[in-house]
Structures are given as C-alpha cells and as structure tokens.
Amino acid sequence: MMLVGLAFLVSACVGTPVQAPGAMSPPDMTAAASPARGLAYAQSVCAACHAVETGQTRSPNPEAPPFEVIANLPGMTPTALNAWLHSPHPSMPNIIVAPDDRDDVAAYLNSLKYGAGRG
C-alpha cells in the first residue's frame, strides 16, 4: 500500500526524474519557459473564467479563483504549479495543455507570487 502511495506521489512530481547518483542533471525544463507567453496563453484560454492579470481580484466566473490567488496558495511551488496544471479539476473544462504551454503558464503563475519581484 505504501508503494502505491509513493508511486502516486512520484507521478505527481512532473519534470522531476529519478536518476543515478552522480548523473548529470537534465536542463531545467522551465528555464526556457516564458511568463509573457504564459500570460498570452492564459488570456486566450483561461480568461473566460479566471482573472488572469496582475491586480485582478474578481474572475468572470465567481467560482474560478483569480490566478494571483492560485499562485499564492500555501505550498504552490513551481513543481506544484506544473502538477496542478497537469491535473484535471472537477469544476473546470477538461483542457489539455501542451507541455510547453504548461511550462509557460506555470512560469507566469510563479511570477504572480507575492515577493517574486513585485508587491
């Protein structure tokens, strides 16, 4: 039973492969991610329901949290953001986000964190 839980936890860690000790780390998948492209994607795909821009406090759909709220949830690390974007949510449409777009949206959401170079 513990192995099943561990397998689930590992599968949730998108972009965190297990490697042999001493092996070189793969390049950071989010190094080429662009917050600007993430915002553009969010404006075209997510903004019908979510407030996606800095300072927006109300989403068009009152049940859809603003992106700033999502970005600042406790424990919402870049890895958690990527896993969150990779997972279905019961109250959302089943949108399949391409990996590059997912990295860009995660980079944009990460830029919305309080203390990430802003107020």
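The values are calculated or read from the model by the stated rules, or taken from the named source; none is laboratory data. Computed from a prediction, not measured in an experiment: that's the story for all the values here. Neighbour counts run over all protein chains shown; Cβ positions are idealised from the backbone, glycine included.
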Specify the residue that is farthest from Pro99 (Cα to Cα); the eligible residues are those in region 32-49 that are in contact with a helix residue (DSSP H, G or I) (Cβ under 6 Å, 6 or more places away or on another chain) and part of a loop (DSSP other than H, G, I, E, B). Ser34
Would you point out the residue of region 57-86, among those that are part of a loop (DSSP other than H, G, I, E, B) and touching a Phe, Trp or Tyr at 6+ places or on another chain (Cβ under 8 Å), that is modelled with the lowest pLDDT? Met76
Within region 104-114, identify whether any single residue is among the β-branched types (Val, Ile, Thr) and either surrounded by fewer than 14 Cβ atoms within 10 Å (Cβ to Cβ) or modelled with pLDDT under 90 (or both), and answer yes or no. no
Ala106 - would you say it is under 15 Å from Pro35 (Cβ atoms), of a type in the set (A, V, I, L, M) and not in a loop (DSSP other than H, G, I, E, B)? yes
Can you find, within region 25-48, the residue that is surrounded by the fewest Cβ atoms within 10 Å (Cβ to Cβ) among those that are at pLDDT 90 or above and not small (Gly, Ala, Ser)? Gln43
Find the residue count for region 49-99, including only residues that are acidic (Asp, Glu) and loosely packed, with under 12 Cβ neighbours inside 10 Å. 1
Please indicate, with yes or no, whether at least one residue in region 91-99 is under 17 Å from Ala36 (Cα atoms), among the hydrophobic types (A, V, I, L, M, F, W, C), over 9 Å from the mean Cα position of the chain (by Cα) and part of a loop (DSSP other than H, G, I, E, B). yes
